[in-house]
Amino acid sequence: MVSFHPDSKFLTDFAAGSLALSEAVCVAAHLEFCGKCRAHVQQLSDVAAQMMARLEPVVEDDDGFDSLMQRIDAAELAPQVSAPRVTRPALASSGIPYVVEKLAGGSLQALNWVKLGGSLRIAPMDVGCSRRQTAIYDIKAGRPMPEHEHRGEEITVLLKGSFSDADGKYVRGDFVVRHAGERHQPTATLDTDCICLVSLEQPVKPSSWWYRLMEPFVQYRLSGFNY
Ligand SMILES: [Zn+2]
């Protein structure tokens, strides 16, 4: 069951279309798992529509949730142009959020994966956002990620499996925010690999000497992920 949700500011900014695209994709992905937040965003959209109607009484299109979703369905998602303001209530048939699968070109396997040791692989995702980095992390079942410290905000949306760190356990659909200065080491639970959508404001700083030493050999550069 989803326990961690975007706060009101995230949802309000999402409904207003004012989030960075990378953040908007994370919120949109969470909405596909979470009826409660979808309803909240719908309410915000309704209020905005009512305000617009008062300003412009001749507006005929009520811009309801269904009509907006139909527009997203009908048109190719164009993240470079505008943030996905609402999202489908259902996940794609693969169980991955529709918005993520679409941005990945139809399948996460189509992305360019970079292996980091035996427990982690990362695929950068281009969502047309110049302010943040977006990537998919795949942590092997039962294995830890390298411990790392955040230099800026990190949003993680769990797409599959679960992980735990010193603060708790997180499951599919959870929206987890970490802030600059926080240090943690997520470990995937034993039952299955853990796949996450991650949006980073700043590159993370790994604590492990091993990853720092590896850097000259693997030339690992994911537009700012400097290990
Ligand atoms: Zn939620």
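With respect to (1) within 14 Å of the chain's Cα centre (by Cα); (2) open to solvent by 30 Å² or more (accessible area, probe 1.4 Å); (3) at pLDDT 90 or above, the lone exception for Lys140 is condition (1).
Count of the stretch 157-212 residues, restricted to those that are open to solvent by 30 Å² or more (accessible area, probe 1.4 Å), of a type outside the set (Val, Ile, Thr), at pLDDT 85 or above and assigned to a strand (DSSP E or B), is 3.
In the stretch 11-31, how many residues are surrounded by fewer than 22 Cβ atoms within 10 Å (Cβ to Cβ) and within 10 Å of the ligand (Cβ to nearest atom)?
Start the filter on the stretch 11-31 by keeping residues that are surrounded by fewer than 22 Cβ atoms within 10 Å (Cβ to Cβ), which leaves 11-13, 15-18, 20.
Keeping just the survivors that are within 10 Å of the ligand (Cβ to nearest atom) gives 11.
Residues flagged as surrounded by fewer than 22 Cβ atoms within 10 Å (Cβ to Cβ) and within 10 Å of the ligand (Cβ to nearest atom) within the stretch 11-31 amount to 1.
The values are calculated or read from the model by the stated rules, or taken from the named source; none is laboratory data. Note that the structure is predicted; figures quoted are calculated from it, not measured. Cβ: placed from backbone, ideal geometry, glycine included. Neighbour counts: every protein chain shown. Protein only, heavy atoms only, side chains kept; ligands, DNA and RNA dropped before computing areas. Shrake-Rupley method; radii C 1.70, N 1.55, O 1.52, S 1.80 Å.
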